[in-house]
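The values are calculated or read from the model by the stated rules, or taken from the named source; none is laboratory data. These figures come from a predicted structure and were not determined experimentally. Glycine gets a Cβ as well: all are built from the backbone with ideal geometry, and neighbour counts include every protein chain shown.
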Amino acid sequence: MSNPLIHIEHIARTYEMGGETVHALRDVSLDIFPNEYVALMGPSGSGKSTLMNILGCLDTPSSGVYTFKGLDVNEMTDDDLAEIRNKEIGFVFQTFNLLPRATALKNIELPLIYSGISSEDRKERAIKALEDVGLGDRMLHRPNELSGGQRQRVAVARALVTKPSIILADEPTGNLDTKTGIEIMKLFQELWSKGNTVILVTHEEDIARHARRIIRIRDGKVESDTINPNPVTSFEIP
Amino acid sequence: MNILESIIQALQSIKANTLRTVLTLLSISIGIFAIIGAGTAVSTLEGSFNTQLVAMGQNTFMIKRTPSVNFGNSWRKYRNRKDITYQQAKEFKYQMEGISLVSLHNETDGYTAKRNNFFTDPVVTLIGADENFFVVKNFVIETGRAFGMSEVTSSAPVVIIGNDLVVQLFNGENPIGQFITLKNQQFQVIGTLKSQGSMFGRSLDAQAVIPLTVFSRYHSDEWTSSVEITTKAYSKEQLAEAVDESIGMMRSLRNLKPWEDNTFEVETNESVSSQFASFSNYLQVFGLGSGLISLLAAGVGIMNIMLVSVKERTKEIGIRKAIGAKRKWILFQFIIEAITLCQLGGLIGIFFGVLAGQGLGALINTEAAIPVNWVIFSIVICTLMGLAFGSYPAWKAASLDPIEALRYE
């Protein structure tokens, strides 16, 4: 078996809140390998968002070991973390999080700007990414001129444009109707089958069923970590 | 990230909050306007002034009752000075012979020259002069001739007229040998002066030069009874010596005791410029002072608007950080935005400042100078302001926690 992309060993995360210590994560260990399709599940308050933030290098654990592609994340500075987020992780958020004043194309170019790609290269890659999610004809539209599904596609294109090691999607269908949600899930399925590593964070069983491995979090601990015996592969749009 | 990208971004966010931004920019514009306006005014006046000084000649100095430029309350000091009489001046001229060339003259304003049915505007300066006047004062004869010593001594009713009179009275005719009337007295035109243009908006061609003897007898009143003495040293090297000599001579002619101050002014090109310079310095310091105070207020406004902007765009900053913007990018973006704001306000101020200066130039009929130094100074100041007042908000933006920022609604 190849080396894990993500290796987490006994990590914990505590916050100080009004003089009280909150244990968001208590003792979590897991490995995620290349080209896995993982769903991270749990009710609100379970610690799954904290875990996602740590996996996404937006936050660092209070204790324990986190290595990303063999690099010790705990040792990294804020700028190192920014670089990892930029090059290795593609975020897709529930609320899309596009820049409202920028066109679809500019939004997708943004991560490339931060990784110092030349402007022609940038544009070419952004156009390609937008075409890959089927929005080649919406390049100069601003987010408020796009439907929810289209916005999420732009967000996916932005996540993909840097060719990251992991796509980290936080409730990606939470703000979409069922039909559009299924379209987005189809897109993730495609990405996975093309060799991408996908981590879904969700509290919906229906969405989690698409993943090949389901990790359930409760009270800051891993409750179960199982292979999904019947992943959804056919997409019937109701 | 390149600067252009940041500037475009800054302009977009300015566009998104036009009114708020314009109000803040206004205070920068006012500050820069004060600086540039004063700068333009000074440059314009200086330019016009220096042109005239050069025309006056390097080795020339004047002795007169009161200084030609004064401001503030200093006139009280001069008010009681006795006139330099024609007799005193004549004696001075006689004694200075061989040391330097001396010309005596006196002048009065507001004359109307007439000929038949032609009138000039009532702005003619009547100059009473001696035979050295034309050489010493660089008054160049265009046609005809100047008057000589004999015509001065004999009080001959002859006149040499400036270009405005030629145009307004003669309408293309040859004026030489013709007669004109100045205050009920007839004069024969024997020469015309080469055009001298204008200074501080006043035409220098509305002039008529008559012998000083005639002037003293018929045209001097209590305001214009003091003769002005202009002395031209034979060379630049002799100037200082001639000035010293003249002061000593004037003191003895005016019977001053050794402990008394001079009761007359000696003005060289240099001393006139320095009088003017102290006036223009006041103007500049005033412009600079009021400008800087207004810029300080503007700076606080800039910081405020940037803090609001950071607050409003917390989510945007969160997104940028999540997709990999390092601290320095965020810092850079907001500082560039602050500088862009300041520059925009500054450019508006420069534009209107220069415009006001041009307006002043047009008003006094001189070509307005654009004070390049002050424009550069303003651009530098605006950049420094953006840097100084934008740094803290930018630092705040760069220090935001990405998770908190993403959650912000």
Mind listing whichever residues of the stretch B:350-406 are charged (D, E, K, R) and either more than 14 Å from every other protein chain (Cβ to nearest Cβ) or under 20 Å from the mean Cα position of the chain (by Cα) (or both)? B:Glu367, B:Lys396
More than 11 Å from chain B (Cβ to nearest Cβ) and either assigned to a loop (DSSP other than H, G, I, E, B) or over 16 Å from A:Asn97 (Cα atoms) (or both): which single residue out of A:Ile113, A:Ile127 fits that description? A:Ile127
Could you tell me which residue of the stretch B:311-329 is nearest to the other protein chains (Cβ to nearest Cβ), considering only residues that are not hydrophobic (A, V, I, L, M, F, W, C) and not in a helix (DSSP H, G or I)? B:Gly324
Could you tell me whether A:Asn53 is at pLDDT 90 or above and more than 9 Å from every other protein chain (Cβ to nearest Cβ)? no
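In the stretch A:193-209, which residues are in a helix (DSSP H, G or I) and crowded, with 21+ Cβ neighbours inside 10 Å? Even if it seems obvious, please write down each step before you answer.
First, pick out the residues of the stretch A:193-209 that are in a helix (DSSP H, G or I): A:193, A:205-208.
Scanning the stretch A:193-209 gives A:Ile207, A:Ala208.
Among the residues of the stretch B:211-225 satisfying the criterion of being within 14 Å of B:Thr153 (Cβ to Cβ) and touching a strand residue (DSSP E or B) at 6+ places or on another chain (Cβ under 8 Å), which is modelled with the highest pLDDT?
Top of the filtered list is B:Pro211.
From the list B:Leu256, B:Leu295, which residue is of a type in the set (A, V, I, L, M, F, W, C) and part of a helix (DSSP H, G or I)?
Within the list B:Leu256, B:Leu295, the selection yields B:Leu295.
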B:Gly289: under 39 Å from the mean Cα position of the chain (by Cα), free of Cβ contacts under 8 Å to residues at least 12 places away in the same chain and away from every other protein chain (no Cβ under 14 Å), yes or no? yes
State whether one or more residues within the stretch B:76-85 are in a loop (DSSP other than H, G, I, E, B) and among the aliphatic types (A, V, I, L, M). yes
Filter the stretch A:149-164 down to the residues that are small (Gly, Ala, Ser) and in contact (Cβ under 8 Å) with a residue 60 or more places away in the chain and list them by number. A:Ala155, A:Ala159
Which one of these is touching a residue at least 60 places away in the same chain (Cβ under 8 Å) and either more than 17 Å from A:Leu140 (Cα to Cα) or part of a helix (DSSP H, G or I) (or both): A:Asn86, A:Asn53, A:Asn107? A:Asn86
Every residue from the stretch B:69-116 that is of a type in the set (Phe, Trp, Tyr) and at pLDDT 80 or above: B:Tyr86, B:Phe92, B:Tyr94, B:Tyr111
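From the list B:Gly353, B:Gly390, which one is buried (at least 24 other Cβ atoms within 10 Å of the Cβ), at pLDDT 90 or above and in the same structural domain as B:Leu283 (by TED's automatic domain parsing)?
The unique qualifying residue is B:Gly390.
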Report yes if A:Ile32 is in contact with a Pro (Cβ under 9 Å, 6 or more places away or on another chain), more than 21 Å from B:Leu406 (Cα to Cα) and either surrounded by 18 or more Cβ atoms within 10 Å (Cβ to Cβ) or touching a residue at least 60 places away in the same chain (Cβ under 8 Å) (or both), otherwise no. yes
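For every residue, the table says whether it meets (1) touching a Leu at 6+ places or on another chain (Cβ under 6 Å); (2) in contact (Cβ under 8 Å) with a residue 60 or more places away in the chain; (3) of a type outside the set (Gly, Ala, Ser).
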residue	(1), (2), (3)
A:Ser118	no, no, no
A:Glu131	no, no, yes
A:Asn144	no, no, yes
A:Ser147	no, no, no
A:Asn175	no, yes, yes
A:Lys186	no, no, yes
A:Gly195	no, yes, no
A:Val201	yes, yes, yes
A:Ile207	no, yes, yes
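Could you grab me the full set of residues in the stretch A:35-50 that are on the phi > 0 side of the Ramachandran plot and in contact (Cβ under 8 Å) with a residue 24 or more places away in the chain? Don't jump to the end; show me each part of the working.
Here is the first cut: in the stretch A:35-50, the ones on the phi > 0 side of the Ramachandran plot are A:35, A:42, A:45, A:47.
Residues satisfying the conditions are A:Asn35, A:Gly42, A:Gly47.
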For the stretch B:162-195, the count of residues that are closer than 18 Å to B:Glu151 by Cα and polar (S, T, N, Q) equals 5
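One line per residue, one yes/no per condition, for (1) out of contact with any strand residue (DSSP E or B) (no Cβ under 6 Å at 6 or more places or on another chain); (2) of a type outside the set (Lys, Arg); (3) more than 29 Å from B:Ala362 (Cβ to Cβ); (4) not in a helix (DSSP H, G or I):
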position: B:Val152; (1), (2), (3), (4): no, yes, yes, no
position: B:Val166; (1), (2), (3), (4): no, yes, no, no
position: B:Gly172; (1), (2), (3), (4): yes, yes, yes, yes
position: B:Pro175; (1), (2), (3), (4): no, yes, yes, yes
position: B:Thr181; (1), (2), (3), (4): no, yes, yes, yes
position: B:Gln186; (1), (2), (3), (4): no, yes, yes, yes
position: B:Asp205; (1), (2), (3), (4): yes, yes, no, yes
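Here is a yes/no grid of residues against (1) on the phi < 0 side of the Ramachandran plot; (2) more than 18 Å from the chain's Cα centre (by Cα):
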{"position": "A:Glu9", "(1), (2)": "yes, yes"}
{"position": "A:Thr14", "(1), (2)": "yes, yes"}
{"position": "A:Gly19", "(1), (2)": "no, yes"}
{"position": "A:Val22", "(1), (2)": "yes, yes"}
{"position": "A:Asp31", "(1), (2)": "yes, no"}
{"position": "A:Asn53", "(1), (2)": "yes, no"}
{"position": "A:Tyr66", "(1), (2)": "yes, no"}
{"position": "A:Ala82", "(1), (2)": "yes, no"}
{"position": "A:Glu88", "(1), (2)": "yes, no"}
